[in-house]
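Participant: First the structure, which I've put down as structure tokens, then a few questions once you've had a look.
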Amino acid sequence: MRNLIFFFYKYYTFILFFTLELFSFVVIYQYNHYQRASFLNFTGGMASGFYETVNSTTNYFGLRNMNDSLMAENARLRSQMINAYYQNGFTQTSINDTLYKQQYEYISANVVNNSVGKRNNYITIDKGKLHGIKPDMGVIGSNGVVGIVTSVSDHFSTIRSALNANTKISCMIQKNNAFGSLEWNGDDPKFSSLKYVNKHVPVNSNDEVVTSNFSMLFPQGLPVGKVYAHSIEAGDNFHAIKVELYTNFSTLKNVYVIRNIFKEEQEELQNSLKGDH
Amino acid sequence: MIIDIFKYIGRFVFIILIQILVINNIELDTYINPYIYIIFILTLPVTMKPWLVVSLAFFTGMVMDTFSSTPGLHMAAAGFIGYFRKFYLEFACSKEDFEKQITPSISKKGFAWFTLYTFLLTLLHHTVLFYLEIYSLSEFFRTFFRILASTSFSVLIIVVSQLLFYRKKEER
């Protein structure tokens, strides 16, 4: 017994070190493997509140650019409005209610913290649980795809940006619907790579890359980027495609979180199939 | 003694603010991510109790984690230097240094000593941090290069800040 106490007394620093180290490894493991483990809840959005205060000061410096990009977006949306089109036919039937049912809702939010230079980049936005945001929702900017929500607190959410080793977004090449997975290799925040596109599919430079219909997070056909360069490694079954992203992550200010109204229904159906064999 | 505690709290807040508001926003390249907040752990007095250093290191890491939404990452990395610091100091400091209760700094131990000390511990910190961040060995050499680039930048910033802030104080 005395030896045991002596042992603890002699090595208490090591034991302290080892216990705390073990604890942090468990936290890292949990966060990497169970994405719903909500780290933001644990810290209570404390850091996000701080960043928002800082951001409300620094925002003034970027007001001009922000206005410009919002005006450009407004102009684009206006051109898509129904009264921007010349009506070709006479009959306008109003059966929209039954034929079209809204599937996606957009929640606008401001970026309060962001990085592009790290290997795993995260974005913090100023909307959270109270505004209807949940983990695993897609996020887009005014130009293209931004990332996926990982954790939410009452007023804030963190987003795993597309510039993150753990973010994989299902995408396709618009002209032939060849699908692949968008993954970032950590080199340049302007480019990402599209993996697992079969090599028999023809790919050209400047082909549009859009979100695919397999993703439950994004509506089909949202712009992601365009093909910048492509090649096939010897002995490889897939194209190596370098995609130039439309979203400029280093100047990101306004984003939209996408709520898929049918997501639960689809997931439920797919999960019921899993237990079927 | 009480004044010392306030001094350390002030220094801690200052260093963390510099890291998250200034250094984190300097995005030179995806390969260069300096982390200078470890200067707080590096410049604790040599005679400080090892358990206190380890606890402070973990706490520093935890605060950094909160501000960069990376649970556990900085905690694990900072904990390592908090623990291994004492072995290097026992090896590299003389008995006199321990008797005088010095803090490791350029003015006390010289430029070369401090740079080597900073380099070794920063390298350890960045190695743990960057490999845990990517969480796989699939990009082994790329991560290795990233570690070397970031370490040299961190060491540069830490040494320069030492020259700027601490020299003057010692001369007075």
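Participant: Run down A:LYS134, A:LYS175, A:LYS190 and say which single residue is under 13 Å from A:VAL243 (Cβ atoms) and of a type in the set (Lys, Arg).
Facilitator: So the residue among A:LYS134, A:LYS175, A:LYS190 that is under 13 Å from A:VAL243 (Cβ atoms) and of a type in the set (Lys, Arg) is A:LYS190.
Participant: Something else: Tell me, which residue of the range B:115-141 that is over 15 Å from B:LEU73 (Cα atoms) and surrounded by fewer than 16 Cβ atoms within 10 Å (Cβ to Cβ) is farthest from the other protein chains (Cβ to nearest Cβ)?
Facilitator: Filtering first and then ranking leaves B:LEU116.
Participant: Can I ask one more? Which members of the range A:178-200 meet the condition of being under 15 Å from A:PHE238 (Cα atoms) and of a type outside the set (A, V, I, L, M)?
Facilitator: A:PHE179, A:GLY180, A:SER181, A:GLU183, A:SER193, A:LYS195, A:TYR196, A:ASN198, A:LYS199, A:HIS200
Participant: Quickly run through the range B:36-69 and pick out the residues that are more than 7 Å from every other protein chain (Cβ to nearest Cβ), open to solvent by 10 Å² or more (accessible area, probe 1.4 Å), under 26 Å from A:GLN30 (Cα atoms) and in contact (Cβ under 8 Å) with a residue 40 or more places away in the chain.
Facilitator: Hits for the range B:36-69 are B:VAL63, B:SER68.
Participant: Return the residues of the range A:220-258 that are at pLDDT 85 or above and of a type in the set (Asp, Glu); say none if nothing qualifies.
Facilitator: Correct list: A:GLU244 only.
Participant: Residue check, A:VAL257 against (1) free of Cβ contacts under 8 Å to residues at least 24 places away in the same chain; (2) within 16 Å of the chain's Cα centre (by Cα), all met but one. Which one?
Facilitator: (1)
Participant: Count, please, the residues in the range A:142-156 that happen to be buried (at least 23 other Cβ atoms within 10 Å of the Cβ), over 25 Å from B:ILE23 (Cβ atoms) and under 13 Å from the mean Cα position of the chain (by Cα).
Facilitator: 3
Participant: Restricting to the range A:188-210, name every residue that is within 19 Å of A:VAL146 (Cβ to Cβ), open to solvent by 10 Å² or more (accessible area, probe 1.4 Å) and within 14 Å of chain B (Cβ to nearest Cβ).
Facilitator: A:ASP188, A:PRO189, A:LYS190, A:PHE191, A:SER193
Participant: Is it the case, given these coordinates, that B:LEU148 is farther than 26 Å from A:TYR31 by Cβ and open to solvent by 70 Å² or more (accessible area, probe 1.4 Å)?
Facilitator: So B:LEU148 fits the description; yes.
Participant: Look at A:GLY49 and say whether it is among the small types (Gly, Ala, Ser), open to solvent by less than 100 Å² (accessible area, probe 1.4 Å) and either modelled with pLDDT under 65 or over 24 Å from the mean Cα position of the chain (by Cα) (or both).
Facilitator: No; evaluated as a whole, the condition is false for this residue.
Participant: Whether any residue in the range A:244-254 is surrounded by 16 or more Cβ atoms within 10 Å (Cβ to Cβ) and in contact with an Asp or Glu (Cβ under 9 Å, 6 or more places away or on another chain) is what I want to check.
Facilitator: no
Participant: I need every pair where a residue in the range A:4-20 that is facing another protein chain (nearest Cβ under 10 Å) has its Cβ under 8 Å from the Cβ of a residue that is part of a helix (DSSP H, G or I) and open to solvent by 100 Å² or more (accessible area, probe 1.4 Å), sequence separation at least 6 or different chains.
Facilitator: Between residues of the range A:4-20 that are facing another protein chain (nearest Cβ under 10 Å) and residues that are part of a helix (DSSP H, G or I) and open to solvent by 100 Å² or more (accessible area, probe 1.4 Å), the close pairs are A:TYR12/B:TRP51; A:THR13/B:TRP51; A:ILE15/A:PHE8; A:LEU16/B:TRP51.
Participant: Which one of A:ASN206, A:ASN248, A:ASN271, A:ASN198 is closer than 30 Å to B:GLU27 by Cα and more than 15 Å from the chain's Cα centre (by Cα)?
Facilitator: The conditions single out A:ASN206.
Participant: Can you find a residue that is of a type outside the set (A, V, I, L, M, F, W, C), touching a Lys or Arg at 6+ places or on another chain (Cβ under 8 Å) and crowded, with 19+ Cβ neighbours inside 10 Å anywhere in the range A:232-239?
Facilitator: Checked the range A:232-239: at least one residue is of a type outside the set (A, V, I, L, M, F, W, C), touching a Lys or Arg at 6+ places or on another chain (Cβ under 8 Å) and crowded, with 19+ Cβ neighbours inside 10 Å.
Participant: Now for a different question. One residue is enough: does the range B:87-95 have a residue meeting the conditions crowded, with 17+ Cβ neighbours inside 10 Å, closer than 24 Å to B:VAL160 by Cα and more than 14 Å from every other protein chain (Cβ to nearest Cβ)?
Facilitator: Checked the range B:87-95: at least one residue is crowded, with 17+ Cβ neighbours inside 10 Å, closer than 24 Å to B:VAL160 by Cα and more than 14 Å from every other protein chain (Cβ to nearest Cβ).
Participant: Give the residues of the range B:106-142 that are at pLDDT below 85 and either touching a strand residue (DSSP E or B) at 6+ places or on another chain (Cβ under 9 Å) or hydroxyl-bearing (Ser, Thr, Tyr) (or both), sorted by residue number.
Facilitator: Selection gives B:SER107, B:TYR135, B:SER136, B:SER138.
Participant: Out of the range A:21-32, which residues are at the interface with chain B (Cβ under 7 Å from one of its Cβ atoms) and more than 18 Å from B:SER55 (Cα to Cα)?
Facilitator: The answer is A:ILE28, A:TYR31, A:ASN32.
Participant: Another question about this same structure. Within the range A:178-202, how many residues are farther than 27 Å from A:ARG119 by Cβ and touching a residue at least 24 places away in the same chain (Cβ under 8 Å)?
Facilitator: 5
Participant: Is it the case that B:THR103 is away from chain A (no Cβ under 13 Å) and not in a helix (DSSP H, G or I)?
Facilitator: It is true that B:THR103 is away from chain A (no Cβ under 13 Å) and not in a helix (DSSP H, G or I).
Participant: Checking A:ASN121 against (1) open to solvent by 10 Å² or more (accessible area, probe 1.4 Å); (2) within 12 Å of chain B (Cβ to nearest Cβ); (3) modelled with pLDDT under 90; (4) within 17 Å of the chain's Cα centre (by Cα): exactly one of these is not met. Which one?
Facilitator: Only one criterion is unmet by A:ASN121, namely (1).
The values are calculated or read from the model by the stated rules, or taken from the named source; none is laboratory data. None of these values were measured; they are calculated from a predicted model. Virtual Cβ from ideal backbone geometry, glycine too; neighbours counted across all protein chains shown. Heads up: the accessible areas ignore ligands, DNA and RNA and are worked out on the full protein's heavy atoms, side chains in. Shrake-Rupley method; radii C 1.70, N 1.55, O 1.52, S 1.80 Å.
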